[in-house]
Amino acid sequence: MTPRRLPVSLLDAALVAVSLLDVWAHFVAGEPLRMACALAAAFALLLRRRMPFFTFLLTLPAVLLSDAVFAALSALYTLGSLSRRRVLLAVCVLAFTVSDITSWPSPNFDPSNTSTLITLGYTAATAGAAVFLGQLVQTRHDLSLRIAEISEARDHQRLLTDQTVLARERAQLAREMHDVVAHQVSLIAVRAGALQVGTRDAEAKEAAATIRRLSVQTLDELRHMVSVLRASGGRPTELTPQPSLADLRQLVEGSGIEAELQTDLPDGLPPTVQRAIYRTVQEALTNVRKHAPGAGAAVRMCHEDGAVRVTVTNTAPTRPALPLPSAHYGLIGLHQRAALLGGTVTSGPTADGGYELRLELPAECTP
């Protein structure tokens, strides 16, 4: 867990307070000039972030005239953390060292004295430590920014890689749908058309017409799906036209089974809810046609208590179902679609041998 940093204003106030304590510790009643310079140096720290070099210059007289040096060391640290000019920093360290070992206005500097050289080294080391600490903070900040940039670049690269893999998979899926599925559905439509023209049985003719119409609609949806899959990497593309509640009656009437539609859904339902209802009814009628030959179906929809309820119930089949290939993804897809919208899908057999599928979605109408 990253520790919380102190507010900038609070930190500046703390530095000024410590500097004032340093001035008070070295207070000399008979030397107002020294105290004035020391006080000016303490309050100059309020400018250290905006004008670090100027702040250091304001604190330098206090080092030259008094023993209150905390403000100048703080200014040196700030300058070291913000400036990248090594020569300037070295000059500032030298200026602090010379000012600190010089007792102005009566200089007492003897290079031949060992204690003077020791004091000089100690003062230079103190000033250099402040600068080095500032440089260390600057380097840490630069490293943090660099790490953040590397992490962002890595995430971007991972996203590009994922998009490339997804685009390749979508392109392969589009080819499979175009080369295999669309071809097979086209053959179904052609054979159904030939049966419709060649048969004299009215019931067979009507069944062939239904098969041909559904095959053509399936081909149209496949073309749109293939175009969506091939548009990977571009702007998001939606299937057009998108089904809505206005298309439900046509869906029920063209389902190829005896189906009854009862609905009192209001206008203004969200498009996502309308598509979910349409796809649920479409999947339910498809399952009736596949698994319950000869059965009738009833589709009932209502809106109450801020929720949409859709029920598709079919009677028991009148003849055995043909073995058809199925991936069993239809109901799974309906469950996932409903869950994304905050709803539920339940299904199960009825007491009379039929089957019932129920969809419930939270939905508010928009004016």
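Taken together, the residues in region 253-275 that are among the aliphatic types (A, V, I, L, M), closer than 12 Å to MET301 by Cβ and buried (at least 19 other Cβ atoms within 10 Å of the Cβ) amount to 3. Of the residues that make up region 106-114, is at least one part of a helix (DSSP H, G or I) and at pLDDT below 80? Yes: one or more hits. Would you check if ARG154 is surrounded by 10 or more Cβ atoms within 10 Å (Cβ to Cβ), modelled with pLDDT of 80 or more and within 25 Å of PRO52 (Cβ to Cβ)? Taking the combined requirement at face value, the residue does not satisfy it.
Checked against the criterion of being within 27 Å of GLY343 (Cα to Cα) and modelled with pLDDT of 85 or more, region 207-225 has no qualifying residue. Count of region 228-282 residues, restricted to those that are in a helix (DSSP H, G or I), β-branched (Val, Ile, Thr) and modelled with pLDDT of 80 or more, is 6. Screening region 292-310 for residues that are out of contact with any Cys (no Cβ under 9 Å at 6 or more places or on another chain) and not hydrophobic (A, V, I, L, M, F, W, C) and picking the one that is modelled with the highest pLDDT gives ARG300. The number of residues in region 54-73 that are at pLDDT 85 or above and either within 17 Å of ALA129 (Cα to Cα) or not assigned by TED's automatic domain parsing to the domain that holds VAL91 (or both) comes to 0.
The values are calculated or read from the model by the stated rules, or taken from the named source; none is laboratory data. These numbers come from a predicted model, not from an experiment. Virtual Cβ from ideal backbone geometry, glycine too; neighbours counted across all protein chains shown.
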